[in-house]
Amino acid sequence: MGENDNGQRAFASFRVLTTDSDTSERTMLFRNMAQLFSFVSDRCDDDQVNQYDEALCRLAEYVEIEARAHVAKILAPLERAPGTVVLRLANDAIEVAHPLLEFSTVLSDDDLIDIIANQTEEHRIAIASRNGVNERVGEAIVEHGDGASVVRLVQNPKAEFARETLAKLIKRAQQDAALADDLRGRNDIDWSSVRNEIDEASEKVLQAIPQSNVALDPVTASKINAVVYNRLRARAGFNAQEWKVAYNQVKGLADRRQLDDRALARFARFGYGHHSAAGIAVMLKVGPEIVVRWLASQDYAAFTVALKALGLNADLYEAIVATLPWRDLPSEEEKQMVLSRFKALELEDAREIFALWRAHSFRKKGPSLERYSA
């Protein structure tokens, strides 16, 4: 009997234990399983992660809040954690959810937005404290949050704000002097630009907010301009840290059986290029380094064959190509060229090409997708 068979039998015994043992045994097993996973998480394949996910979810039903809080603290810092149990505990009581909401990179923006809308103000405060809150998540906090979570968001130097969110914050600041002070202290906001985009009702408060006593030095201004410029480049350029976070979030989505065409469409819609690329890697069941190499080499042919093999339609293909974090931003001519090739390629041909590539890809000098498609 192989190691995998032994693992299967072990997890089967865990499922029996959830109904046959007392609370102390379940609690001990729950804690020990989470601790064991934290030691081996970087070496687990998808099937093993799914087994831990299933067992931990089952055990979570039978243990007290102290045990769930303990396990949440163990899972919170892991880059790769079982997606279903993480989301379940993140929706638990705040004593359980807090470390996951503040620190877990497995939770996606959609997960956080759903929690913001449906959980407590304490949950929103924890999310507002994350080391990085993007525009969509910040907008949800301002939309659903009370004063405490909104103040925490504005005080977070790693929080990003869309123009519409800033306009709402400025209106709130008319009745909240502390919030106005916090807004005034943010040097990453171009108030002269905001002034032209908000309505006249906020003009009086806006006049007072930019009057900060802290001078904005040229170095800081240059960094801010660089951030704005990079965002205006429409996601061109690969970022290793963003890729790591996106890949682990996509794996968590796959753990919950929610990685599909609709998920890819959402990534493209909101400009999540690294998530789109990670989703393609997971759905194709290829190593992440393969997709990273395609991006680095501007390998349009590889993506054309691969996405056709996944059965995507032309509209979704076009949106994903425009979103991916290529080394250089594709020109309009290149986008139209690859779209026409995608439409001309038959589904069965694409799947045959991709299967041939997969069969030979690990040879020392295996042929590339581009050679096959040619």
- Query: What's the local net charge at Ile113, with K and R +1, D and E -1, over the other residues with C-beta under 12 Å away?
  - Reply: -4
- Taking only protein heavy atoms and a 1.4 Å probe, what accessible area per residue, in Å², does segment 19-111 have with all protein chains in place? 44 Å²
- Query: What does the accessible area of Glu242 come to, in Å² to the nearest 10, when a probe of 1.4 Å is used?
  - Reply: 100 Å²
- How large, in percent, is the carbon and sulfur part of the accessible surface of segment 77-156 at a probe radius of 1.4 Å? 47 percent
- Query: Given R₀ = 56 Å, FRET efficiency for Lys73-Glu333 by Cβ-Cβ distance, to 0.05?
  - Reply: 0.60
- Note on the structure: Heavy-atom accessible area of segment 310-363 with neighbours in place, 1.4 angstrom probe: carbon+sulfur share in percent works out to 51 percent
- Which entries of Lys308/Lys335; Lys158/Lys285; Lys251/Lys285; Lys285/Lys308 show an alpha-carbon separation above 23 angstrom in the structure shown? Lys158/Lys285
- Viscosity 0.692 mPa s, 37 °C: Kirkwood-radius Stokes-Einstein D of segment 84-162 over Cα pairs, µm²/s: 276 µm²/s
- Item | Dipole axis of segment 106-146 (+1 Lys, Arg; -1 Asp, Glu on Cβ), positive-most option in Gly132, Ile113, His144 | Gly132
- Item | Lys, Arg +1 and Asp, Glu -1 on Cβ, resulting dipole of segment 106-167 about Cα centre, debye, nearest 20 | 280 debye
- Task: Could you sort 24-34, 244-254 so that the peptide with the highest average Cβ count within 10 Å comes first and the rest follow in order?
- Result: 244-254, 24-34
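The values are calculated or read from the model by the stated rules, or taken from the named source; none is laboratory data. This one's a predicted model, so the numbers in the text were calculated from it and none came from an experiment. In this analysis, Cβ positions are derived from the backbone assuming ideal geometry, glycine residues included, and neighbour counts consider all displayed protein chains. Each accessible area value is taken on the protein alone, full model and side chains, heavy atoms only, with ligands, DNA and RNA left out. Shrake-Rupley method; radii C 1.70, N 1.55, O 1.52, S 1.80 Å.
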